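The values are calculated or read from the model by the stated rules, or taken from the named source; none is laboratory data. As the structure is a prediction and not an experimental result, all values here were calculated from the model. Methodologically, a virtual Cβ is constructed for each residue, glycine included, from the backbone with ideal geometry; neighbour enumeration extends over all protein chains shown.
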Amino acid sequence: MTIKPLIIFPNPLLREVSKPVAVFDDRIVWLASDMLESMYHASGIGLAAIQIGKPLRLLVIDLADKDKPKKPQIFINPEIVWTSDERNVYQEGCLSIPNYYADVERPKKMRLTYFERDGEKQEIEAEGLLAVCLQHEVDHLNGILFIDHISRLKRDMVIRKFRKRARDMEECVAI
Ligand code: NI
């Protein structure tokens, strides 16, 4: 398991649409392990493969409390097949948009199909934090970020802030 550097906004990779996993081999297991390690290192609760630069439809999530045993979950080729009309607001953040949080409204409940590592298809119904997290991560697979769900005014502010941050970091490297 290796901790990989995270792709940070406004890196254009985050806007790529990820491709389905076609072969369920050891490489997927290794990639998921690297994703989990990178996610734990950054104190996150969910990560999409594109966030470590791999445009594959693969997610990892761990919603266990920090002082409890880890409960890693791996979702291969996840697909949202149903969402409730009832909606909910949660404050979200993203490891690719560090230190920025905003309220996001999404469907309260959802159903998701996905594949396990052995290629077996599963279907789950989720609500609460799991539903928020799964919708946020599936968005990543389609090149969508949580800031796309907030007001244009707030989004423009975040975009400006992170463009400046990227420029400042380039200047640092130049010196
Ligand atoms: Ni995210």
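Taking the stretch 106-117 as the region of interest, how many residues are in a loop (DSSP other than H, G, I, E, B) and within 16 Å of the ligand (Cβ to nearest atom)?
Of the stretch 106-117, the ones in a loop (DSSP other than H, G, I, E, B) are 108, 116-117.
This time we only want the ones that are within 16 Å of the ligand (Cβ to nearest atom), so: none.
Of the residues in that region, 0 qualify.
Conditions first: (1) in contact (Cβ under 8 Å) with a residue 40 or more places away in the chain; (2) more than 13 Å from the ligand (Cβ to nearest atom); (3) more than 25 Å from Lys121 (Cα to Cα). Tyr40 passes all but one, so which condition is the exception?
Condition (1) is where Tyr40 drops out.
Name the one entry in Ile144, Ile124, Ile76, Ile61 that is surrounded by fewer than 20 Cβ atoms within 10 Å (Cβ to Cβ), closer than 23 Å to Val23 by Cα and either within 15 Å of the ligand (Cβ to nearest atom) or of a type in the set (A, V, I, L, M, F, W, C) (or both).
Numbers: Ile144 fails: closer than 23 Å to Val23 by Cα; Ile76 fails: surrounded by fewer than 20 Cβ atoms within 10 Å (Cβ to Cβ); Ile61 fails: surrounded by fewer than 20 Cβ atoms within 10 Å (Cβ to Cβ).
Step by step, each of Ile144, Ile124, Ile76, Ile61 is checked, and only Ile124 is surrounded by fewer than 20 Cβ atoms within 10 Å (Cβ to Cβ), closer than 23 Å to Val23 by Cα and either within 15 Å of the ligand (Cβ to nearest atom) or of a type in the set (A, V, I, L, M, F, W, C) (or both).
Arg117: of a type outside the set (Val, Ile, Thr) and within 18 Å of Arg57 (Cα to Cα), yes or no? I'd like the intermediate steps shown before the answer.
Details: of a type outside the set (Val, Ile, Thr): yes; within 18 Å of Arg57 (Cα to Cα): yes.
When the stated conditions are applied, Arg117 passes them.
Only one of these conditions is not met by Gly46: (1) of a type in the set (Gly, Ala, Ser); (2) more than 19 Å from Ile150 (Cβ to Cβ); (3) in contact (Cβ under 8 Å) with a residue 60 or more places away in the chain. Which number is it?
(2)
Conditions (1) part of a helix (DSSP H, G or I); (2) modelled with pLDDT under 95; (3) out of contact with any Asp or Glu (no Cβ under 7 Å at 6 or more places or on another chain), marked per residue:
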site: Val104; (1), (2), (3): no, no, no
site: Gly119; (1), (2), (3): no, yes, yes
site: Ala131; (1), (2), (3): yes, no, yes
site: His136; (1), (2), (3): yes, no, no
site: Ile144; (1), (2), (3): no, no, yes
site: Lys154; (1), (2), (3): yes, no, yes
site: Lys161; (1), (2), (3): yes, no, yes
site: Ala166; (1), (2), (3): yes, yes, yes
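Does the stretch 88-96 contain any residue that is under 13 Å from the mean Cα position of the chain (by Cα) and either more than 16 Å from the ligand (Cβ to nearest atom) or acidic (Asp, Glu) (or both)?
Taking the stretch 88-96 as the starting set, the residues that turn out to be under 13 Å from the mean Cα position of the chain (by Cα) are 92-96.
Subsequent filtering for residues that are either more than 16 Å from the ligand (Cβ to nearest atom) or acidic (Asp, Glu) (or both) retains 92.
Scanning the stretch 88-96, I find at least one residue that is under 13 Å from the mean Cα position of the chain (by Cα) and either more than 16 Å from the ligand (Cβ to nearest atom) or acidic (Asp, Glu) (or both), so the answer is yes.
Residue under question is Lys66, and the condition is that it be loosely packed, with under 13 Cβ neighbours inside 10 Å and in contact with a Leu (Cβ under 8 Å, 6 or more places away or on another chain); does it hold?
Numbers: loosely packed, with under 13 Cβ neighbours inside 10 Å: yes; in contact with a Leu (Cβ under 8 Å, 6 or more places away or on another chain): no.
Here the answer is no, as Lys66 does not meet what is asked.
Looking only at the stretch 126-175, how many residues end up being under 19 Å from Glu79 (Cβ atoms) and either over 21 Å from the mean Cα position of the chain (by Cα) or among the small types (Gly, Ala, Ser) (or both)?
3
So, of the residues in the stretch 1-14 that are touching a helix residue (DSSP H, G or I) at 6+ places or on another chain (Cβ under 9 Å) and of a type outside the set (A, V, I, L, M, F, W, C), which turns out to be modelled with the lowest pLDDT?
Keep residues of the stretch 1-14 that are touching a helix residue (DSSP H, G or I) at 6+ places or on another chain (Cβ under 9 Å), which gives 1-11, 13-14.
Narrowing further to those that are of a type outside the set (A, V, I, L, M, F, W, C): 2, 4-5, 10-11.
Working: Thr2: 92, Lys4: 96, Pro5: 96, Pro10: 96, Asn11: 96.
For the stretch 1-14, the residue satisfying everything is Thr2.
Pairs please, first residue from the stretch 135-148 and without any contact (Cβ under 8 Å) to a residue 24 or more places away in the chain and within 15 Å of Thr83 (Cα to Cα), second anywhere and among the aromatic types (Phe, Trp, Tyr) and near the ligand (Cβ under 8 Å from one of its atoms), Cβ atoms under 8 Å, 6+ apart in sequence or on different chains.
From residues that are without any contact (Cβ under 8 Å) to a residue 24 or more places away in the chain and within 15 Å of Thr83 (Cα to Cα), the pairs are Asp139/Phe146.
Would you pick out the residues in the stretch 80-106 that are crowded, with 16+ Cβ neighbours inside 10 Å and within 17 Å of Asn142 (Cβ to Cβ)?
Ile80, Thr83, Glu92, Cys94, Ser96, Ile97, Val104, Arg106
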